[in-house]
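Notes to accompany the following structure.
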Amino acid sequence: MTLVADHHNRAAALSVRLAGNRIGQVLVPLGAGGLAGLTGGAGAIFHAVGLLLLSSAACTLVATRDLPTRPDT
């Protein structure tokens, strides 16, 4: 997060990240429960976790692909 956000906007970026984490803590179990209810069994949870892992890896790759090198301030 500190590499992507501007020095002056780091606090705002971190607060948005924390808000996203809280939303994810509510929505992921709801989605996993719905998916397990539709497909039956615990296998749906592993598929949901795998999809979340792949999406977070893709977001990280896109966000940090062309970052300029800058000195720490």
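Data for the structure
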quantity	calculated
Within the range 45-63, tally of residues that are open to solvent by less than 80 Å² (accessible area, probe 1.4 Å) and modelled with pLDDT of 90 or more	4
Scope the range 19-44; condition open to solvent by 80 Å² or more (accessible area, probe 1.4 Å), among the hydrophobic types (A, V, I, L, M, F, W, C) and under 17 Å from the mean Cα position of the chain (by Cα); matching residues	23, 26, 27, 30
Hits in the range 1-18 (condition: in a helix (DSSP H, G or I) and either more than 11 Å from the chain's Cα centre (by Cα) or among the hydrophobic types (A, V, I, L, M, F, W, C) (or both))	7, 8, 9, 10, 11, 12, 13, 14, 15, 16, 18
Conditions (1) open to solvent by 80 Å² or more (accessible area, probe 1.4 Å); (2) in a helix (DSSP H, G or I); (3) modelled with pLDDT under 75: number failed by residue 71	(2)
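The values are calculated or read from the model by the stated rules, or taken from the named source; none is laboratory data. Keep in mind that this is a model prediction, so the values were computed, not measured. Side chains are part of the model used for accessible areas, which takes the heavy atoms of the whole protein and leaves out ligands, DNA and RNA. Shrake-Rupley method; radii C 1.70, N 1.55, O 1.52, S 1.80 Å.
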